[in-house]
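I have placed the structure first, in the form of structure tokens, so that the comments after it can refer back to it.
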Amino acid sequence: MEYQFYGWERANAPAVTDEYKGIETPKDLYDALSDIWCEDTCAPRMRKDWSRDNRTLGQCSITAFLAQDIFGGKVYGILRDGGNYHCYNAAGGCVFDLTSEQFGEEALDYENNPEQFREAHFAKEEKRLRYEYLREELKKYCR
């Protein structure tokens, strides 16, 4: 597969769990999620713009926290217009953003951003439910 997500060249953080068979690196996770991301996992406010051609749209926080489950590390957020944060990962000595393609050619600043916590993000029930759905679909994929 051809990768275009931010940090793909260095995205070799090793999995810290064997719960997801075949997911050894962030690239493996990207490959799997490329088949799983869907309109149902997209943030509701963005669903009207979601498509298979822009499958990473509205998937950032749930994807970043799932990646944290698998690779450890921390989740950080880039403040966007409207007050929302775009989430990405730092784990295993590398920074990667599995959902950066949704921004096209826009260059995001991955330096000095605040850490994000699942407790705050998952206080929104719809987001927690989307995360749980994504996690369960990944488990099925890895069987």
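Nothing in this text is a laboratory measurement; each read-out follows from the coordinates by a stated rule. Treat the numbers as computed from the prediction; the structure is a model and nothing was measured. We place every Cβ from the backbone using ideal geometry, glycine too, and count neighbours over all the protein chains shown.
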Relative contact order (%) - criterion: Cα under 8 Å, at least six apart; region: the chain: 30 percent
Contact order normalised by length for the range 18-73, with contacts defined as Cα pairs under 8 Å and 6 or more residues apart; what percent is it? 32 percent
Just checking my list (i) 170; (ii) 132; (iii) 109 against volume of the Cα convex hull per residue in Å³ computed from this structure; which label fits? (iii)
Using Cα centres only, tell me the gap between the range 90-118 and the range 47-66 in whole Å. 14 Å
To the nearest 500 deg cm²/dmol, what mean residue ellipticity at 222 nm is calculated for the chain from DSSP H runs of n ≥ 4 alone, each contributing -39,500 (n - 2.57), summed and divided by the residues? -9500 deg cm²/dmol
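Show me the trypsin sites (Lys or Arg not before Pro) within the range 1-58 that DSSP assigns to loop and that have at most 11 other Cβ atoms within 10 Å of their Cβ.
Sparse-neighbourhood loop trypsin sites (Lys or Arg not before Pro): Lys21, Arg52.
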Expected max-MSF residue from Val16, Val95, Val75 in the GNM of the chain (alpha carbon, under 10 Å) is Val16
Taking amide H atoms as placed 1.01 Å from N in the peptide plane, list the residues 5 or more away in sequence, or in a different chain, whose amide H sits under 5 Å from that of Val16. Phe71, Gly72
To the nearest 20 Debye, how big is the dipole of the chain about its Cα centre, given +1 on the beta carbon of each Lys and Arg and -1 on that of each Asp and Glu? 440 debye
Filter on Lys74/Lys139; Lys48/Lys74; Lys21/Lys48 - keep pairs with C-alpha separation over 26 Å: Lys48/Lys74; Lys21/Lys48
Selected from Ala15, Ala120, Ala32 as most flexible by GNM, with the chain as the system and alpha-carbon contacts under 10 Å: Ala120
Kindly state, to the nearest 0.05, the FRET efficiency for Glu115 paired with Asp31, given R0 = 30 Å and r defined as their beta-carbon distance. 0.65
Among Asn89, Asn112, Asn54, the residue with the largest mean-square fluctuation in a Gaussian network model of the chain built from Cα contacts under 10 Å is Asn112
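In debye, nearest 20: dipole of the range 1-74 around its Cα centre with unit charges on the Cβ of K, R (+) and D, E (-)? Show your work: numbers first, answer last.
Working: 9 positive and 13 negative charges, 70 e Å.
Dipole of the range 1-74, to the nearest 20 debye: 340 debye.
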For the range 1-88, which GluC sites (Glu not before Pro) are both in a DSSP coil and crowded by at most 13 other Cβ atoms within 10 Å? Glu2, Glu19
Zone reached by a paramagnetic label modelled 7 Å from Asn12 Cα along Cα→Cβ, restricted to the range 70-98 with backbone N below 16 Å, covers 91-96
Under Karplus coefficients 6.51, -1.76 and 1.60, residue-wise ³J(HN,Hα) of the range 21-38 in Hz, glycine/proline x: 4, x, 9, 9, 9, x, 4, 4, 5, 4, 4, 5, 5, 4, 8, 10, 3, 8
Phi-based couplings in Hz for the range 110-123 (Karplus 6.51, -1.76, 1.60; Gly and Pro marked x): 9, 10, 6, 9, x, 5, 10, 10, 4, 4, 6, 5, 7, 5
